[in-house]
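*Asks:* Got a structure for you, questions after.
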Amino acid sequence: MSDVVKVFTPIKRVPTVIGKSQNGQKLPFGPYTLPQVGGGMAGLLLTGIGTMTLPANPAVTFLIGTAVTVLVVFASGLVPYTGVRLSSRIWWIGRLLVVRRPVSASGMPIGTDSAEQTTFIEESIVLLLPDARGA
């Protein structure tokens, strides 16, 4: 008699990209992911508001705002799509910049004795743990 075996692999997030305009032409330097489009829209909105309200020269303000917006869109395109949410990644990197002490991504406290107990496990390795009810 045969048994059905199901093997589940981790699903990688596939980015939704915008690569063409409504008339079918390719976007310059595209395709763009949704975070890139959102960052570009927010940057251009802030640039427009700053151009109209700041007391500096509007042309200089517009050029600086546009340059910063281009850098934000380019930098957000460098963020890889993994199973980690973008907001979690931003909080984690922000904590690394603000809290100047050793941190661990797993939440385990890092101390002098933690190096002896910590082991790096690749995602391709299957880890079998004993049942806690048997102990």
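The values are calculated or read from the model by the stated rules, or taken from the named source; none is laboratory data. All values derive from a computational prediction rather than experimental measurement. Note that we place each Cβ from the backbone using ideal geometry, even for glycine, and neighbour counts take in every protein chain shown. Each accessible area value is taken on the protein alone, full model and side chains, heavy atoms only, with ligands, DNA and RNA left out. Shrake-Rupley method; radii C 1.70, N 1.55, O 1.52, S 1.80 Å.
*Asks:* Filter the stretch 54-70 down to the residues that are open to solvent by less than 70 Å² (accessible area, probe 1.4 Å) and outside any helix (DSSP H, G or I) and list them by number.
*Replies:* Across the stretch 54-70, the qualifying residue is only 56.
*Asks:* Okay, next question. Consider only pairs whose beta carbons are under 6 Å apart and that are at least six residues apart or on different chains; among these, list those whose first residue lies in the stretch 71-95 and is surrounded by 11 or more Cβ atoms within 10 Å (Cβ to Cβ) and whose second residue is assigned to a helix (DSSP H, G or I) and at pLDDT 85 or above.
*Replies:* Here the result reads 72/39; 72/43; 73/36; 73/39; 73/40; 76/36; 76/39; 77/36, each pair linking the stretch 71-95 to a residue that is assigned to a helix (DSSP H, G or I) and at pLDDT 85 or above.
*Asks:* Regarding residue 111, is this residue at pLDDT below 65, open to solvent by less than 70 Å² (accessible area, probe 1.4 Å), over 29 Å from residue 15 (Cα atoms) and not aliphatic (A, V, I, L, M)? Let's see the steps before the verdict.
*Replies:* Numbers: at pLDDT below 65: yes; open to solvent by less than 70 Å² (accessible area, probe 1.4 Å): yes; over 29 Å from residue 15 (Cα atoms): yes; not aliphatic (A, V, I, L, M): yes.
So residue 111 fits the description; yes.
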